[in-house]
Amino acid sequence: LSDIVKDPNLAVAPDFTTDNFTEERKVFIDAGLTALQAAHALRNHWVVRNNCDKAMWQQQQQDAEAAQVADQERAHQLRLQQEEEEAQILRDEHKKNKAKFAPVPDRPVSSCPLILPSLVTTCKLKSHQFCELWYFTNAGLDEA
């Protein structure tokens, strides 16, 4: 099957009674038809052929559209796959360098000093033992 270049739906049937088609009409006239009957036979043949071309054109257009949709779907799938690979690479990079990607809080720097309890106090808190509040005061921090 050859590709049809022009849309046969736009084709106009030629006038088979003109001198351009004398040779074609002569074949039918020799078979016993009149000139008008020969022109009608040629026109009918042209209509049948054009209808066949229309069907082929329609199939060709559907095939082209299906191929275009398939190409778009393949491109979309490829794009999704690339995005997934990039996301996986980024996740792996985050796992390797957690400190590099740690969130930085958006708040001003504190003007008062940060009070950290002593190591003894922290161990007591972690082991769920009783710890007096005195250990969190300045005097308790100085003594520790």
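The values are calculated or read from the model by the stated rules, or taken from the named source; none is laboratory data. A quick note: this is a predicted structure, and the numbers were derived from the prediction, not measured. Backbone-built Cβ (ideal geometry, glycine too); neighbour counts: all protein chains shown.
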Surrounded by fewer than 11 Cβ atoms within 10 Å (Cβ to Cβ), over 30 Å from residue 133 (Cβ atoms) and among the aliphatic types (A, V, I, L, M): is that true of residue 27 in this structure?
no
With criteria (1) basic (Lys, Arg); (2) assigned by TED's automatic domain parsing to the domain that holds residue 15; (3) surrounded by 10 or more Cβ atoms within 10 Å (Cβ to Cβ), residue 124 comes up short on (2)
So, of the residues in the range 85-107 that are surrounded by 10 or more Cβ atoms within 10 Å (Cβ to Cβ) and assigned to a loop (DSSP other than H, G, I, E, B), which turns out to be modelled with the lowest pLDDT?
101
